[in-house]
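Asks: What follows is a single structure, and I will ask about it in a moment.
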Amino acid sequence: MKDNSKVPGKHRLKKDDLAMKMFFLFSDVYELSSKESIWEIEVPIEQVRDVLRDHYGVAYNSNQWIYTQLRRYEDEMGVKLFRKIAGGRDGNSFSLAIHDEMVQFYQKQHLYVTQKIKVANGVYDKITNETRFIAKERPIRVLLGAGSTVFHLANILAEKSWDDEKHYAIYTHNVGSLQTLLNHNVNYNRITVSILAGTIDPVTYTVVGSDMTLFTREPFDFIVQGTSCVHDGNLYIESKAEREIKRAILSRCHGTKLLVLTKHEFAEQPIDRTEPYGTLADYDYVIVPRSPGDEVPKKRYEKRFLQYQDMLIPEIMNWNYSIFRVKGAPAR
């Protein structure tokens, strides 16, 4: 992915910027590879330096300095993101892989980042297209559910708040989304944020509580949620507390329901020792990244996704994302 804002001659990036560009690289390499799992991807540090130089205009003189910056970023975040794989006779050459035990929100928000941003842009485009005739004075009510893809949508809403003349009333129990929407760069004249009352789950980074009044007293224009696993049309999530919130949102909240997926959620087996909280049919639309072309071998999750083509009706096929209307849901 080419970055037109590159600065020739720059010798290093900020730690967080470097980490994000690394995850862009892993997402792109994985999508074009024949590997079935992103955990199998190992990127030689020399390739990392080439990409940073050629795509971002940043020339690192040391392999180890790249790894040192990434380790410092991990220390600041308090999570493990990368694995270092030794290689080469001189000890200066090595490869990087993604840490294969990602369970916390801050870890997951980096995973499949290219695909998540494509999907988040698809959601934003759908929201803006369908609300273009709503009076500017009437806020667009959006419920942002849990999940790291939803976090990237919150980032887009924050970034666009100075250009988009619409007003948004955002409701959420996603602490990551809350943080980005309360950043200093947000135009608060156009965005208001309300959050569910409850306690914070530090792993999923969500607010969990039993009082859903905030979410149920008025209909939403859009309800946006992700999930961890889709199997046989059923939806699964690891956290029991989050599962109850998702079930309540599906059954008790009203509005156009959007399910955002990277397609990696389509699994051969459901999550062990969990029960589904809902089904694909509970949603009006499913938004996914556009599949690679035929020149790239189809991965198993792509083939499993195709099993649902009879119930997912193509509505918009963008270069970056695809929006499907779920069969039986009203066309809009």
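Asks: At 25 °C and a viscosity of 0.890 mPa s, what translational diffusion coefficient does Stokes-Einstein give for segment 76-158, taking Rh as the Kirkwood radius over Cα pairs? Give it in µm²/s as a whole number.
Replies: The estimated diffusion coefficient comes to 156 µm²/s.
Asks: Given a Förster radius of 30 Å and the C-beta distance between K35 and K240 as r, what FRET efficiency does 1/(1 + (r/R0)^6) yield to the nearest 0.05?
Replies: 0.40
Asks: Additional query: Say a site is exposed when it is one of the GluC sites (Glu not before Pro), sits in a DSSP loop, and has at most 14 other Cβ atoms within 10 Å; what is then the longest site-free stretch of the chain?
Replies: 166-267
Asks: Residue by residue through segment 200-207, which ³J(HN,Hα) values in whole Hz follow from phi under the Karplus form 6.51 cos²θ - 1.76 cosθ + 1.60 (θ = phi - 60°), with glycine and proline marked x?
Replies: 8, 7, x, 7, 7, 6, 10, 8
Asks: In what order do H99, H184, H173, H152 fall by count of nearby beta-carbon atoms within 10 Å, going from fewest to most?
Replies: Ranking H99, H184, H173, H152 by Cβ neighbours within 10 Å, fewest first, gives H184, H99, H152, H173.
Asks: Here is a further query. Taking H as built 1.01 Å from N, whose amide H comes closer than 5 Å to the amide H of T256, not counting residues under 5 places away?
Replies: Hits under the 5 Å cutoff: F222, I223.
Asks: How large is ³J(HN,Hα), in whole Hz, for each residue of segment 46-51 in order, when computed from phi with the Karplus curve 6.51 cos²θ - 1.76 cosθ + 1.60 and θ = phi - 60°, using x for Gly and Pro?
Replies: Going residue by residue, I get 5, 5, 4, 5, 4, 5 Hz, with x marking Gly and Pro.
Asks: Bin by bin, in steps of 10 Å, what percent of the Cα pairs in the chain do you find, going until the bin that has the longest distance?
Replies: Pairs per bin, as whole percents: 5, 24, 33, 25, 11, 2, 0.
Asks: Continuing with this model, one more query. I'd like the distance between the alpha-carbon centres of segment 129-198 and segment 113-127, rounded to an integer number of Å.
Replies: When both Cα centres are located, 14 Å separates them.
Asks: Taking the beta-carbon count within 10 Å as an exposure proxy, list T213, T204, T131 from fewest neighbours to most.
Replies: T213, T131, T204
Asks: OK, next. Looking at the square roots a ≥ b ≥ c of the eigenvalues of the Cα gyration tensor of segment 15-101, which shape do they give, rounded for a/c under 1.5, prolate if a/b is larger than b/c, or oblate?
Replies: Rounded shape, in that the Cα axes give a/c under 1.5.
Asks: Only Lys, Arg, Asp and Glu count, each charged at its Cβ (+1, +1, -1, -1), so figure out the dipole size of the chain about its Cα centre, rounded to 20 debye.
Replies: Dipole size: approximately 440 debye.
Asks: Please work out the C-alpha center-to-center distance from segment 18-71 to segment 238-285 and express it in whole Å.
Replies: Value for the Cα centre distance between the two parts: 33 Å.
Asks: Let me ask something additional. Taking the number of other C-beta atoms within 10 Å as the exposure measure, put I316, I249, I66 in order starting with the fewest.
Replies: With the fewest neighbours first, I316, I249, I66 line up as I316, I66, I249.
Asks: Can you compute the helix-only [θ] at 222 nm over the chain? Use -39500 (n - 2.57) per DSSP H run of at least 4 residues, normalise by all residues, nearest 500 deg cm²/dmol.
Replies: -10000 deg cm²/dmol
Asks: For segment 61-205, what does the convex hull of the Cα positions come to per residue, in cubic angstrom?
Replies: Measuring per residue, one finds 134 Å³ for the Cα hull of segment 61-205.
Bear in mind that the values in this text are calculations on the coordinates, not laboratory data. As the structure is a computational prediction, the values presented were derived from the model and not from experiment. A quick note on method: Cβ atoms are made from the backbone with ideal geometry, for glycine too, and the neighbour counts reach across all protein chains shown.
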